[in-house]
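Following: one structure in structure tokens, then a few remarks.
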Amino acid sequence: MSGKIDAYVDCVSPYSYYATIYLRKNRKALESHGVEVEFHPVFLGGINVGSGNKPPWTLPAKAAYSKFDSERACKYFGVPQTQTPDFFPILSIMPQRCMIYIKKHFPRERYETTFLLLWEWMYYKNIDISKPEKLAELIQSNGFSDSEVKEIIAAASSPEIKQALTDNTQTALDTGAYGAPWFWVRNAEGKEEPFFGSDRFAFMWMYLGLPFQDVAIIEKEKSKL
């Protein structure tokens, strides 16, 4: 591979959802240029505490603007409008630990599609996935057997998986993370830089030296009279 995108995401972050959708959609094109994409579960609450940042919904001006930004992002990324559930924000530790375990023990596609379900169940089905019984239903819905579901839920409380999520979160913090999605990107020259958010991909492609079509305004044709 001539490049690597390490994406640090949390199911409590809708912008992590948009970024995951976008990168998966473009993975084939990225791989054609030798760029690998890997998604790492992190605990956004720990990133906020560790960086001194505050969630946007705790700041009135950001909270008011988020409505407009969310609607625009959903249109841009081609997904239905997300709806903030009345139980939001959730404590995402349990779901994120489950993703750690699934990533380690199951194929990449099963891991990533299960991760996507966390957002879909919460933002479209209005289901509190922080509750173990609901989380178990979600995991089973993606083709896991009863025994596998029990194994995954139990592992989420193990010291190994707890530490793995803590380590992922600290790795993101060590690279400067203050929110999610957070990206640590290595280009073909072996240089590495951080990128933040779901609206900086053009900058990322430039850094990776990839050919791409940026947003362009099409000039209106003059009427022929």
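The values are calculated or read from the model by the stated rules, or taken from the named source; none is laboratory data. Predicted, not measured: the structure shown is a model, and the values here were computed from it. Backbone-built Cβ (ideal geometry, glycine too); neighbour counts: all protein chains shown. Just so you know, the surface numbers come from the protein's heavy atoms only, side chains and all, with ligands and any DNA or RNA stripped out. Shrake-Rupley method; radii C 1.70, N 1.55, O 1.52, S 1.80 Å.
Could you calculate the FRET efficiency of residue 214 with residue 77 from 1/(1 + (r/R0)^6), where r is the beta carbon distance between them and R0 is 22 Å, rounded to 0.05? In this case the efficiency is close to 0.85.
Shown are 173, 116, whose ranking by accessible area with a 1.4 Å probe and every protein chain present, most to least, is 173, 116. Set against the labelled values [x] 12.4; [y] 15.6; [z] 13.3, mean projected area of the Cα convex hull in nm² computed from this structure falls on [y].
If both residues of a DSSP beta bridge must be in the chain, then about 60% of such bridges are antiparallel.
In this simple spin-label model, placing a label point 7 Å from the Cα along the Cα-to-Cβ direction at both residue 125 and residue 188 gives a separation of 4.3 nm. When a/c reaches 1.5 or more, the comparison of a/b and b/c decides; with that in mind, is the stretch 1-105 rounded, prolate or oblate per its Cα gyration tensor? The shape class here is oblate.
Computed from the C-beta positions of residue 175 and residue 25 and an R0 of 25 Å, the FRET efficiency is 0.50 to the nearest 0.05. Straight-line cross-link reach from residue 67 at under 22 Å between alpha-carbon atoms covers these lysines, not counting any fewer than eight positions away in the same chain: 54, 75, 125.
Here residue 151 sits with roughly 80 square angstrom of accessible surface, probe radius 1.4 Å.
Can you flag which of 103/162; 103/150; 104/134; 4/28 are past 18 Å Cα-Cα? Let's see the in-between values first.
Working: 103/162 14 Å; 103/150 16 Å; 104/134 22 Å; 4/28 14 Å.
Listed pairs above 18 Å: 104/134.
With 0.36 nm allotted per residue and the present C-alpha distance subtracted, the residue 206-residue 148 stretch has 16.7 nm of extension available.
Computed with a 1.4 Å probe over protein heavy atoms only, the accessible surface of the chain comes to 55 Å² per residue. Along the chain, the exposed loop sites are chymotrypsin sites (Phe, Trp or Tyr not before Pro) outside DSSP states H, G, I, E and B with at most 13 other Cβ atoms within 10 Å, and the longest stretch free of them is 88-211.
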